[in-house]
Amino acid sequence: MKEVNLTELEAAFQAKIDSEVRIEPKDWMPERYRKTLIRQISQHAHSEIVGMLPEGNWITRAPNLRRKQVLLAKVQDEGGHGQYLYSAMETLGHSRQQSMDDLISGKAKYSSIFNYPTLTWADIGAVGWLVDGAAIMNQVALCRTSYGPYARAMVRICKEESFHQRQGFEIMCVLMKGSEEQRAMAQDAMNRFWWPALMMFGPSDADSTNSEESLKWRIKRHTNDELRQSFIDATVPQAELIGLTIPDKDLKWNEARGHYDYGQIDWNEFKQVVSGHGPCNTERIAARKKAEEDGKWVREAAMAYAEKKKARKAS
Ligand code: 3HC
């Protein structure tokens, strides 16, 4: 059989990427492609699951039954998004258990945004509107990512994200039409979530260590700064529409660029949060660790049942 060398395999792989052929689990792929996908998809999945915690905190505190129903549905959706993404990750040969161990040990990351507390009901509006709004900007692009199972998971997830963003914006609209206290609560949430939402898109392009390869392999379709700019351009008019002030004194429309200019992001804060020193990092990991321990017996029982069923079938 003709010896096919690595260079030829890598060239053939890149040719597939460049001609927009989706990469599927059984296809040959560079080890680095596999590794960076496991890294990104597992962190994405962790983000969905950890993201349930700040919002879950308000399910019992929602102001009325309708808000409670909507928030329950959203948090439930996020759990499902996590499962789609863990399943996509498993097609790359990485186990859920390993991924969970990496999260609990602090080896694996999850989105920085979920390390901020949700202090008031308006925060739930800000999270839905800004956090899911930012996630949508990023995830719509990921519907065209080169790895098949990831792209297909994204298509399903994006269908639910627009409901998440819409319900958050509606909460902010209602509060901004409310009493002075309610308007102040919404503005306070805006002030605390605006900059952390911009950080969700990752470091600036100059500091992004993975972007160059991810763009070459069309895992990413846009750079971090491009998606961040699209989010700002889309969100500022929404804030202005309902009378919220964006907490950025340098924000202004730049006609020549056709975009908003915006102020300097506090990358020290970003680095602090990403390295585990944000307001809620310890609490979030402790909650995941407890859930993992509490659910151990269920996983063991399910595995024992599956083994028994398999043995009965084989006999
Ligand atoms: N939080 C934590 N870590 C972050 C981060 C953030 N907001 N942004 C970047 N990082 C990390 C990266 O993981 C990378 O570290 P690593 O090499 O150890 O993984 C490092 O900072 C440098 O960043 P890069 O730009 O080089 O990393 P990427 O090329 O991976 O780009 C990303 C970062 C844009 C977040 C990309 O990973 C991505 O698109 N991920 C998938 C989308 C995602 O995870 N979104 C998170 C939110 S999910 C969500 O909000 C759910 C919604 O339903 C509420």
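What the table shows:
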{"quantity": "Residue satisfying condition, being of a type in the set (Asp, Glu), surrounded by fewer than 16 Cβ atoms within 10 Å (Cβ to Cβ) and either without any contact (Cβ under 8 Å) to a residue 40 or more places away in the chain or more than 12 Å from the ligand (Cβ to nearest atom) (or both), within set ASP101, ASP123", "calculated": "ASP101"}
{"quantity": "The range 254-290 - residue that is charged (D, E, K, R) and closer than 30 Å to ILE49 by Cα and, of those, farthest from the ligand (Cβ to nearest atom)", "calculated": "LYS290"}
{"quantity": "Selection count, the range 104-119, where residues are open to solvent by less than 30 Å² (accessible area, probe 1.4 Å) and over 12 Å from the mean Cα position of the chain (by Cα)", "calculated": "4"}
{"quantity": "Residue list for the range 230-265, restricted to those being part of a helix (DSSP H, G or I) and open to solvent by 20 Å² or more (accessible area, probe 1.4 Å)", "calculated": "SER230, ASP233, ALA234, PRO237, GLN238, GLU240, LEU241, ILE242"}
{"quantity": "Failed condition for SER179, given (1) of a type in the set (Gly, Ala, Ser); (2) buried (at least 23 other Cβ atoms within 10 Å of the Cβ); (3) closer than 28 Å to ARG67 by Cβ", "calculated": "(2)"}
{"quantity": "Set LYS271, LYS289, LYS296, LYS310: member being surrounded by 12 or more Cβ atoms within 10 Å (Cβ to Cβ) and within 22 Å of ARG96 (Cα to Cα)", "calculated": "LYS289"}
{"quantity": "Test: residue in the range 201-209 that is open to solvent by 50 Å² or more (accessible area, probe 1.4 Å) and more than 9 Å from the ligand (Cβ to nearest atom)", "calculated": "yes"}
{"quantity": "Single unsatisfied condition, ASN64 versus (1) open to solvent by 70 Å² or more (accessible area, probe 1.4 Å); (2) within 13 Å of the ligand (Cβ to nearest atom)", "calculated": "(2)"}
{"quantity": "Matching residues in the range 14-46 - criterion: being of a type in the set (Lys, Arg) and under 23 Å from ILE157 (Cα atoms)", "calculated": "ARG22, ARG34, LYS35, ARG39"}
{"quantity": "Residue match in the range 77-87 (condition: within 18 Å of TRP194 (Cβ to Cβ) and open to solvent by less than 30 Å² (accessible area, probe 1.4 Å))", "calculated": "no"}
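Condition check ((1) under 16 Å from the mean Cα position of the chain (by Cα); (2) closer than 30 Å to TRP129 by Cα; (3) of a type in the set (Asp, Glu); (4) not in a loop (DSSP other than H, G, I, E, B)) across all residues:
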site	(1), (2), (3), (4)
THR7	no, no, no, yes
TYR33	no, no, no, yes
HIS44	yes, yes, no, yes
LYS68	no, yes, no, yes
GLY79	yes, yes, no, yes
ALA88	yes, yes, no, yes
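The values are calculated or read from the model by the stated rules, or taken from the named source; none is laboratory data. Note that the coordinates shown come from a computational prediction; the quantities given were computed from them, not determined experimentally. Note: ideal-geometry Cβ built from the backbone for every residue, glycine included; neighbour counts use all protein chains shown. Ligands, DNA and RNA are stripped out before the accessible areas are found, and what is left, the full protein with its side chains, is counted by its heavy atoms. Shrake-Rupley method; radii C 1.70, N 1.55, O 1.52, S 1.80 Å.
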